[in-house]
Structures are given as structure tokens and as C-alpha cells.
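Asks: Handing you this structure, nothing more for now.
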Amino acid sequence: MNNSVTNTARLLGAGLRALLVLTLVTGVVYPLVVTGIAQGLFPDKANGSEVTADGKVVGSSLIGQSYNLPLNKGRQIPDADLKWFQGRPANGLGPNSVNTRYQLILSGATNLSADNTDLIKQVEDAKAAVVEDNSVPGYTVQPSDVPADAVTSSGSGLDPDISPAYAALQAHRVAAKNDLPLAQVARLVKDHTEGRTLGFMGEPRVNVLELNIALQHLTAKQ
């Protein structure tokens, strides 16, 4: 009996010591080491790839944002503020999900098949809106001009980038809404177009947040 109690106490003591050591190593030492390395070598990425403007953090280069007008009374979804470049649709974050407007509570795609009638209607409605919103005097958008990323959401629904083609399509409308020469807005798009990663991975892209910050600085000079 005494041996049984002694062995049990010894095993419990060994287990408790193992628990304390592993808690210290995995819960304190390891996180501190990883955090220290990340802050020392990759501080920008470690802190969320923050984007600043006028000394304030205005977002992350990894997360898309909405650029909308104030929500009108009686409306559930605000209208887009067309003086800004717009990102991709966020259909995966629709009215039936927790995250409806890039609030970072969750992310996700629509999970609808290519022949799903709801998805087809979303794409058709988005294409019609892109054509209408971006057709300005002297420039008419044709349905065939609308790139795929203008009417479909990404896998996460939070894509911060758009294609150069979609940015160029919006440049006419942005120039008209802000009373800017088209050449200046087109130059902004060109200056903020990134090539493929390492020259061969992915596609050329334009970060919408960084482009709109540059647009804000440009309009402030007018």
C-alpha cells in the first residue's frame, strides 16, 4: 500500500514537473524567441504589414477595404464612393455571414459552383454595375472590357489587390469624379502596379489601399 502511494506520488510529481517545463518552453520561451526573431528581421510583416498615411495606420497591405459612402437610412448596404478605386467584390462575406464589410471577424468565399444560379446572377449584376459606374462622358465601358476580378470575389473575400486591367478601367471614372487629368490617374495606376512575385509567380497586381492613398495625396495638391 505504501509503495503504491509512493509510486503514484512520484508519477504525479514527474508529470507536474513535465507540465511546468513544457509550459515554460512552449508557452513562454518559444513565443518570445519567435517574436524576437520576427521583430528583428521582419518587423513590418510581424506587425501586420501596416500601411500608414499622414502618420496614422490606415490599414494593412494584406487586407482589402471597402470605400463606401455613409450608409443611408433604411439601407443595409452602402453605395460605393466612386471617387475612389474600388476593390474586388466580397460576396463570400454577404449579409448572412458574421463579416459583412471587411470587419476581419472571418473570411471566406461564396462556395458556389460555377453553374450556380445565385453566383451567375451576382456576376451579371456586378458586371452591369461596373459598366454603369465606370462609363463617363467620353469613355463607355463595354461588358467585354470588364475583367474577371471586377465581378468575382477571392477565396478569402479580403483580397487587397486588383488587376491592372480593372484599375485602368476605373481610372477614367476616378479622374472624372476628382476633376483630375486622366494622364495623372493613369500614371498612379502604372506606378502602383506590381509585377509577378520573383518574376514568375502570380499575376501583376495593384494594391487598392496604397493606390487610394496616392490618389488622396494627388487630389490634395490640386
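Where a number appears in this text, it was derived from the coordinates with a stated rule and is not lab data. Quick caveat, the model's predicted, so the values are computed rather than measured. Note: ideal-geometry Cβ built from the backbone for every residue, glycine included; neighbour counts use all protein chains shown.
Asks: Is the shape of the range 115-178 best called rounded, prolate or oblate, per the rule: a/c under 1.5 gives rounded, else a/b larger than b/c gives prolate, else oblate, with a ≥ b ≥ c the square roots of the Cα gyration tensor eigenvalues? All intermediate terms of the calculation are to be shown ahead of the outcome.
Replies: Values: a/c = 2.51, a/b = 1.49, b/c = 1.69.
The shape class here is oblate.
Asks: Here is a further query. Below 8 Å between Cα atoms, with a sequence gap of 6+, how large is the relative contact order for the chain in percent?
Replies: 18
Asks: Could I ask something else about it? Before rounding to the nearest 500, sum -39500 (n - 2.57) across all DSSP H runs of length at least 4 in the chain and divide by the residue total; then give [θ] at 222 nm in deg cm²/dmol.
Replies: -13500 deg cm²/dmol
Asks: Going toward the positive end of the dipole of the chain, with +1 on Lys and Arg Cβ and -1 on Asp and Glu Cβ, which of ALA9, GLN222, PRO204 do you reach last?
Replies: In the chain, that residue is ALA9.
Asks: Would you work out which of ALA171, ALA38, GLN76 lies farthest towards the positive end of the dipole of the chain, given +1 charges on the beta-carbon of Lys and Arg and -1 on that of Asp and Glu, about the Cα centre?
Replies: Going by the Cα projections, it comes out as ALA38.
Asks: List, in the order given, every pair from LYS73/LYS221; LYS73/LYS121; LYS45/LYS83; LYS127/LYS190; LYS121/LYS190; LYS56/LYS83 whose Cα-Cα distance in the structure shown is over 28 Å.
Replies: Cα-Cα > 28 Å for LYS73/LYS221; LYS45/LYS83; LYS121/LYS190; rest within.
Asks: Treating only the Cβ of Lys, Arg, Asp and Glu as charged (+1, +1, -1, -1), what charge dipole size does the chain show about its Cα centre? Round to the nearest 20 debye.
Replies: Numbers: 18 positive and 20 negative charges, 145 e Å.
Here the size comes out at about 700 debye.
Asks: With r defined as the distance between the Cβ atoms of THR23 and LYS221 and R0 fixed at 35 Å, what FRET efficiency is calculated, to the nearest 0.05?
Replies: Plugging the Cβ-Cβ distance into 1/(1 + (r/R0)^6) gives 0.05.
Asks: Based on the alpha-carbon set only, what is the convex hull volume of the chain divided per residue, in Å³?
Replies: 243
Asks: Now a separate question. Taking the Cβ of ASP179 as the centre, find all other residues whose Cβ is under 15 Å away and add up their charges (Lys, Arg: +1; Asp, Glu: -1).
Replies: Working: positive: LYS83, ARG173, LYS177, LYS221; negative: none.
Overall, the nearby charge balance is +4.
Asks: Is the C-alpha gyration tensor of the range 126-220 telling us rounded, prolate or oblate? Criteria: a/c under 1.5 is rounded; beyond that, a/b larger than b/c is prolate, otherwise oblate.
Replies: In terms of gyration-tensor shape, oblate.
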